[in-house]
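One structure is given below, encoded as structure tokens.
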Amino acid sequence: MEINLAETTQHLDELKDTRARLKFELAAVDKEIEKEELKLSTLIEQQGVNQMDFGVYTFGWDYSERRAFDQKAFCKDYPELYEKYKTSKQTKSFSFKINK
């Protein structure tokens, strides 16, 4: 396979610029969504309810619970067992940096 290095690196540079711009725009949209959701959460709290229906929309608080392993507590309480079963993993990733 023949690779045009100038063309490939330029294209990758352009793609990364596009991704950075889109991430910035997405962050702005996420902030606007957060503001609007805050308004709705304030409304249902004022109404004293957990959920509300309005037209085709339903909004409110969802509750969930999850169980997790407390690694810090285990390490503190059972350091020998923690060391015995501790593993390490090496990963490999490709990087492309723009030195401007």
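Remarks
- Take the Cα radius of gyration of region 5-85 and divide it by 2.2 N^0.38 Å, N being the number of residues; the result is 2.01.
- The local environment of ASP30, defined by Cβ-Cβ distances under 12 Å, has a net charge of -2 under the rule Lys, Arg +1 and Asp, Glu -1.
- Between the listed residues SER93, LEU38, VAL49, the Cα displaced farthest toward the positive end of the dipole of the chain, a dipole computed from Cβ unit charges relative to the Cα centre, is found at SER93.
- Rel. contact order, % - alpha carbon contacts under 8 angstrom, at least six apart, region 5-85: 13
- 10 Å Cβ shell holding at most 11 others, DSSP loop, GluC sites (Glu not before Pro): longest site-free stretch of the chain: 3-64
- Ignoring the sites themselves, the chain has its longest run without chymotrypsin sites (Phe, Trp or Tyr not before Pro) in a DSSP loop having at most 16 other Cβ atoms within 10 Å at 1-60.
- Choice from LYS31, LYS23, LYS84 with maximal GNM fluctuation in the chain (Cα, 10 Å cutoff): LYS84
The numbers here are math on the coordinates, done by the rules we state, and not lab data. Treat the numbers as computed from the prediction; the structure is a model and nothing was measured. For neighbour counting, all protein chains shown are included, and Cβ atoms are generated from backbone atoms with ideal geometry for every residue, glycine included.
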